[in-house]
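So the structure is just underneath, and the comments pick up after that.
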Amino acid sequence: MNLPKEVEYRLALAEGFLNEAEEDFRLERWRSCVDNAQMAVENAGKMVLALFGVVPKTHDPARQIKLILEEQPIEGPISELIQTMLPDIAAMGLETHFLTDYGDEMNYLLPWDIFTRDIAEEALISARHVVKQARMLRNKMLGA
C-alpha cells in the first residue's frame, strides 16, 4: 500500500464530499447535506489514520485515532490538530452514517424526516472544520 497516495486519496474524498455537502445545503437538501458532511468527516479521519499507517474499513475512525493517541507519544502542533478534529470525527461517526441512510428504524422515522436545516448547518460546520484541519495536518506531516 502506498500511504502517501492513500493520504491524498482520503483528503480528496473528504474535500469532494464537503463540496457536495455545501451544494446540498444551498439546495436545502438537509439529509443529503448531513450524509455528505458525515462522509467528509469520516474520510478526513481515515486520512489521519493513513498518516500513521493504518487504513481500516470503518465508519468510525475516531476509535482508532484515540488508540493511536494512547499508544504513540504525539506532542506539539500535530497532536493539537488531531485533538481539535477528534470531537467532530467522534460525533459524526457510525450513528450519523446509519441515520442518513436508514433513518430511525426503531421509531419508523425516515431519514428525510429526521434532518433539519439546523442539523445540516451544524454538520456542515463540523465538516468544514475537520477538512481544514486535515489539510493542515497533511501539510505538517508530509510537507505538502
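Here Tyr9 and Asp101 are evaluated by their C-beta separation; at R0 = 22 Å the FRET efficiency comes out at 0.45. Across every direction, the projection of the convex hull enclosing the Cα atoms of segment 3-142 has a mean area of 8.0 nm².
In segment 22-109, which GluC sites (Glu not before Pro) fall in coil by DSSP and have 15 or fewer other Cβ atoms within 10 Å?
On the way: sites: Glu22, Glu23, Glu28, Glu42, Glu70, Glu71, Glu75, Glu80, Glu95, Glu105; in loops: Glu28, Glu75, Glu105.
Passing sites in segment 22-109 are Glu28, Glu75, Glu105.
Seen from Gly45, the other residues with C-beta closer than 15 Å to its C-beta sum to a net charge of +3, counting Lys and Arg as +1 and Asp and Glu as -1.
Applying the criteria of a DSSP loop state and at most 14 other Cβ atoms within 10 Å to the chymotrypsin sites (Phe, Trp or Tyr not before Pro) of segment 77-140 yields Tyr108. The aspartates and glutamates whose alpha-carbon is closer than 13 Å to the alpha-carbon of Lys132, local same-chain residues fewer than 8 away aside, are Glu15, Asp88.
In a reduced charge model with +1 at each Lys and Arg Cβ and -1 at each Asp and Glu Cβ, segment 9-144 shows a dipole moment near 620 debye about its Cα centre.
Read-outs throughout are calculated quantities, based only on the coordinates presented, and are distinct from any laboratory measurement. What you see is a predicted model; the values in this text were computed from it and never measured. Note that we place each Cβ from the backbone using ideal geometry, even for glycine, and neighbour counts take in every protein chain shown.
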